[in-house]
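Values in this text are rule-based calculations from the coordinates and carry no lab data. Quick caveat: nothing in here was measured; it's all calculated off a predicted structure. Virtual Cβ from ideal backbone geometry, glycine too; neighbours counted across all protein chains shown.
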Amino acid sequence: MRLRPNMTLNPSVAGRCAIKPRSAGQLYVEHIHLLLPPKVQLYWAYLEELAMLYLSATRTIAAAILAASLGSAYAETVNTVNDLPNNKRTVSYMYARTMQEWLYRLGVEQDKKFAIQQECKTQYRVEPYSVSILQPIDFPDDKQHPVKGVWNFRYQLQRCGESKFYNAIFIASSNGDAPPTPRAYYPGATNAGPVLVKDAMLGAVNSALVKADLKDCKDIDVFDMRVTEPPHNVVDGDKTLKGVWNEAWTFRLCGQMVDVGVSFIPHANDGGTQYVIAPVKPGEGAKKQ
């Protein structure tokens, strides 16, 4: 439930890159032209769009605070999740029955897409898990819906004794008279923000295709993203890497499930984060503290 600093992609060697912060107001998205299946290209376009929304949050926070101080009408402004306890109307809106119904619909659609529990006859239950603010939320008192903001709602869909993590992105309408637009995001419980996910996705997809020997597969879906090791310190030679965490991303490639390991290594000096497609393994050139 944390925002990451304004970041941009600085490619280095294959399989890894360094993410370095840029000043507020700057936006840089690297366009990589590869011969990829149309479905992967669609994923990239969607991630790029979400990343641009995410990166614009830093430069809009100051504007939101200024507008709130000058405006005569009261409004709730939520810049980060830390603001939620003091903005009860926004919290009530996020957890309202209407929003929960959207989570249910998106979750059922995802279940159908992955052919999960299609014979289940018991009642489905939406269990809220966390909220991430991707772009500051502006919710005037005289509007029925927020007029600005993008947020991710992570939840578990429980049915027939099983549950699965899903994510839904909500994008506020500009006039506040219409409800936000909901979109299904990648399933799972990654610790990485949308920018970091976008940066690592193409490498992870290519690694999965090679691992499964399915280079010509065009039916590609992200099935799950999960943390396998929470943040910890790793000793690599004479250096100690702090806050490293490992994840496993599961892809469905032409009906075959393939896991790819991804390590995330925060930079101590510049606030950025590096990713590596393959976990840092204790005992193999690195030792976990």
- Give me the distance in nm between label points sitting 7 Å out from Cα along the Cα-to-Cβ direction at V81 and S174, one decimal. 3.0 nm
- Query: Nearest 0.05, what FRET efficiency do N191 and D259 give at R0 = 25 Å with Cβ-Cβ as r?
  - Reply: 0.90
- Given the Cα-Cα distance of Y104 and R89 and 0.36 nm per residue of separation, how much length would full extension add, in nm? 3.2 nm
- Item | Mean Cβ neighbour count within 10 Å, used as a protection proxy, ranking 127-133, 173-179, 149-155 highest first | 149-155, 127-133, 173-179
- Note on the structure: Residue separation between Y74 and H232 times 0.36 nm, minus their alpha-carbon distance, gives in nm 52.6 nm
- If you average 1/r over every pair of different alpha-carbon atoms in region 96-199 and take one over that average, what Kirkwood value in Å do you get? 14.7 Å
- Set K88/K121; K88/K113; K215/K242; K121/K164; K112/K215 screened for pairs whose C-alpha atoms are more than 24 Å apart: K88/K121; K88/K113; K215/K242; K112/K215
- Query: Between D213 and Q123, what is the FRET efficiency for a Förster distance of 35 Å, r being their Cβ-Cβ separation, to the nearest 0.05?
  - Reply: 0.25
- Cut-off 12 Å, label 7 Å out along Cα→Cβ of C160, residues of region 122-137 by amide N: 122-124
